[in-house]
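Report on one structure; see the data block that follows.
The values are calculated or read from the model by the stated rules, or taken from the named source; none is laboratory data. Please read these numbers as outputs of a predicted model, since none were measured by experiment. Note that we place each Cβ from the backbone using ideal geometry, even for glycine, and neighbour counts take in every protein chain shown.
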Amino acid sequence: MVEGIQEFEAISMKIGLTVLIGYMIFIVYDLAKKSKAGKYGYIALFGGLCLGLFGFIAKGVITHMLDIQ
């Protein structure tokens with residue numbers, strides 16, 4: 001019973017984070033579009049977002065590789 005709950009939580013977390021990240025990308029795109037940011041504005045906005053996402057993903061990969069819980 002407990003394994004089923006843990007598996008559900010793990011799957012829900014992955015799906016929830018994926019949806020949240022997609023929504024954040026949409027928000028940044030919409031913000032850049034409405035403010036008419038231009039090419040460099042898009043690069044700056046998405047660069048900042050992607051840097052944060054890269055750090056979050058890198059943390060997951062590193063903890064998985066080092067087998068840290």
- prompt: Any chance segment 45-68 includes a residue that's exposed (fewer than 12 other Cβ atoms within 10 Å of the Cβ), on the phi > 0 side of the Ramachandran plot and of a type in the set (D, E)?
  reply: yes
task: Say whether the condition of being aliphatic (A, V, I, L, M) and closer than 24 Å to G60 by Cβ is met by at least one residue in segment 33-43.
output: no
- request: Output the number of residues of segment 2-19 satisfying the condition of being at pLDDT 90 or above and closer than 29 Å to A44 by Cβ.
  value: 2
